[in-house]
Amino acid sequence: MKLLFKLAARNLIGAGRRTWLNVIVLSFSFIIIIWHKGILNGWESQAKNDMTEWETGGGQYWQSVYDPFDPFSLTEAHAAIPAAMDSSCAKGNMASILVTQGTIYPGGRIQSILIKGINSNQKVLKIPGALFESDSSEIPALIGSRMAEDNRLKTGDLVTLRWRDKNGTFDAGEMKIIGIFKTNVPMVDAGQIWLPLDHLQKMMGMPGEATILVCKKDLKVTASTAGWNFKSTELLQKSVSDMIKMKSVSGAILYLILMSLAMLAIFDTQVLSIFRRQKEIGTYIALGMTRFQVVGLFTIEGSLNSVLSAILAAMYGIPLLALQASRGMSFPGGSKDFGIVMADKIYPTYSLELIGITILFIMITTTIVSYLPSRRIAKMNPTEALRGKLQ
Amino acid sequence: MDNSKIISIEGLKKTFTTTGGKFTALNGINLEFGKGEFTGVVGPSGSGKTTLLNIIGSLDSPSEGKAIVLGKSIGELNVKQSAMLRRSQLGFIFQSYNLLPVYTVFENVEFPLLLLNMNDGQRKKMVLDSLEWLGLTDKIKSMPSQLSGGECQRVAIARAMVKKPEIVLADEPTANLDAANSHHILKSMVQLNKEFNTTFIFATHDDKVIGYLHRKISLVDGKVAKDEITNN
């Protein structure tokens, strides 16, 4: 086996340009697959991190009626915060959010929105509640930059807000935009306004009540409690995981195309090589190699393309990928345009597992593709091979 | 030359199926070869010379009859046993040299020893000795593409002789060489035959080769037409 590797390496290097063309094409596949996977991994980890910081925290308790996909549930989706949780909120381990529907009239237009009340002193989420401290006779409101842009609102603007209290009575008031925050998480931005919790509770006639209780990132909570259902971070971030999974599947088509090109080149080279090197094959057999050893030699020769391409890919790929990992890749307005959690700049992350699996995948594929045409050698008549007479 | 028989062929027939029907290349050959012979199988194209050499070299198998080489019946050997026979006891010299193009002269000659799993030191010594016999010590690092035809054939002889085989089978070894080179390599082979008592069997129709043979077997249409000891 050692001899076959030695001979195969020698033959491969000796083949010159043919080898290097294959190796270069295959090294592109290495780099693009690792880069693409790295971008998806980076996107996923950044998105989940952003969601944890802005929306999901370390898990949430939902009032048992609350269903984010059913707006009609909002009228009933509120309850008094249990004492233990209220104490957790006071300690800064939880943030309570009250959710209701409302309407704003920016610039004379009508816009349905979600009104969310959050405690101003919470540190669980990045919603800048501290801005609520400003003294204002109007209803103080925070909005995200998407909401501001979509409704052409800016800090200091006054907008009419209409809502229904717990009895279903319509009420309205002047709302002042006291701050605009920037986030990559559209779920806390688009179509929503944030008010101080106590203010909203007063407006709704629901003192001490909330819809959602957000746990601090590292708070170890898993169990539901009476009237409140616990939702884990994994569940809350499932949409992102599913989206990345879907992107990975669509990325697999790219890998398939890339690998097909590289494998086609290797397959073609193997076929041509076996055809052109019939005399050499016959000579190997005449000198005492078995046909299966020659099949092995040609298969190893083909699969060594992947080893050389991994080395070449490492030579130019490591600096390139490292540079991108440190500088990131810009996707300006990505989350705004697509409505998904996506940072303006994604920093790819490359794990050893990703690199290892990619190398293994390419090596196995290359070996199979190299073996397929090499099987023909086993059927060769050595006397005809020696004369180079096979077609 | 001693009289011990190392090749024994009895009623050997070889037929090939071609598009035009069956073609009989060898038709009832009976021959014996002793150790240290310097023998040529001569005859026109298509007379069956190369087929006979291929069977003796276990590259092909008989359709009928027996070919016993160094005590082994060629028709009964499996692929691995044939390979082992060629690897350890047979040497081949081809008309078009068949050197491995990406290997240097040294590596080409070393190749049969690599298959025998010899250690580095022993291998190096044997390769250098072999190259010295053929006067190629100054070409050790050359590639086959840098050599003349005569030099290539000398490398091929060195490769065939390096493991000191019992039998060397040479198929038209001078066909691509000019007269001077032909005589040069033939003299080398005569010398190696004398020095190591290696059996040389040629397939040829070259008069220059015939002039060096000790025994000449003439084949016509797959049959032995004449088997004569020459005065060389």
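Against the list (1) of a type in the set (D, E, K, R); (2) part of a helix (DSSP H, G or I); (3) touching a residue at least 12 places away in the same chain (Cβ under 8 Å), the condition B:E107 fails is (3).
Residues that are within 30 Å of B:K163 (Cα to Cα), aromatic (F, W, Y) and more than 14 Å from every other protein chain (Cβ to nearest Cβ) number at least 1 in the following helices (runs of 4 or more DSSP H) confined to the stretch A:197-301: A:238-276.
Applying a threshold of 6 Å to beta carbon distances and a minimum spacing of six or more residues, or different chains, the list of pairs starting in the stretch B:88-102 at a residue that is farther than 21 Å from B:N181 by Cα and ending at one that is acidic (D, E) and modelled with pLDDT of 90 or more reads B:Q89/B:E166. Of everything in the stretch B:136-149 that is part of a helix (DSSP H, G or I) and either among the β-branched types (V, I, T) or in contact (Cβ under 8 Å) with a residue 40 or more places away in the chain (or both), the residue that is farthest from the other protein chains (Cβ to nearest Cβ) is B:T137. Scanning the stretch A:183-198 for residues that are out of contact with any Lys or Arg (no Cβ under 9 Å at 6 or more places or on another chain) and surrounded by fewer than 18 Cβ atoms within 10 Å (Cβ to Cβ) yields one hit, A:D198.
Does at least one position in the stretch A:94-103 carry a residue that is in a loop (DSSP other than H, G, I, E, B) and in contact (Cβ under 8 Å) with a residue 24 or more places away in the chain? No: the stretch A:94-103 contains no residue that is in a loop (DSSP other than H, G, I, E, B) and in contact (Cβ under 8 Å) with a residue 24 or more places away in the chain. State whether one or more residues within the stretch B:90-105 are over 21 Å from A:L7 (Cβ atoms) and more than 8 Å from every other protein chain (Cβ to nearest Cβ). The answer is yes, given that some residue of the stretch B:90-105 is over 21 Å from A:L7 (Cβ atoms) and more than 8 Å from every other protein chain (Cβ to nearest Cβ). Take the conditions (1) more than 26 Å from A:A172 (Cβ to Cβ); (2) exposed (fewer than 13 other Cβ atoms within 10 Å of the Cβ); (3) not charged (D, E, K, R); A:L125 misses just one of them, which is (2). Do the conditions hold for A:N11, that is, is it crowded, with 22+ Cβ neighbours inside 10 Å and within 14 Å of another protein chain (Cβ to nearest Cβ)? So A:N11 fits the description; yes. Scanning the stretch A:358-383 for residues that are in contact (Cβ under 8 Å) with a residue 24 or more places away in the chain and within 14 Å of chain B (Cβ to nearest Cβ) yields A:I377, A:A378, A:M380, A:P382, A:T383. Using the structure shown, decide if A:F181 is among the aromatic types (F, W, Y) and more than 34 Å from the chain's Cα centre (by Cα). No: the conditions fail for A:F181.
The values are calculated or read from the model by the stated rules, or taken from the named source; none is laboratory data. For clarity, every value in this text was computed on a predicted model and none was experimentally measured. Note: ideal-geometry Cβ built from the backbone for every residue, glycine included; neighbour counts use all protein chains shown.
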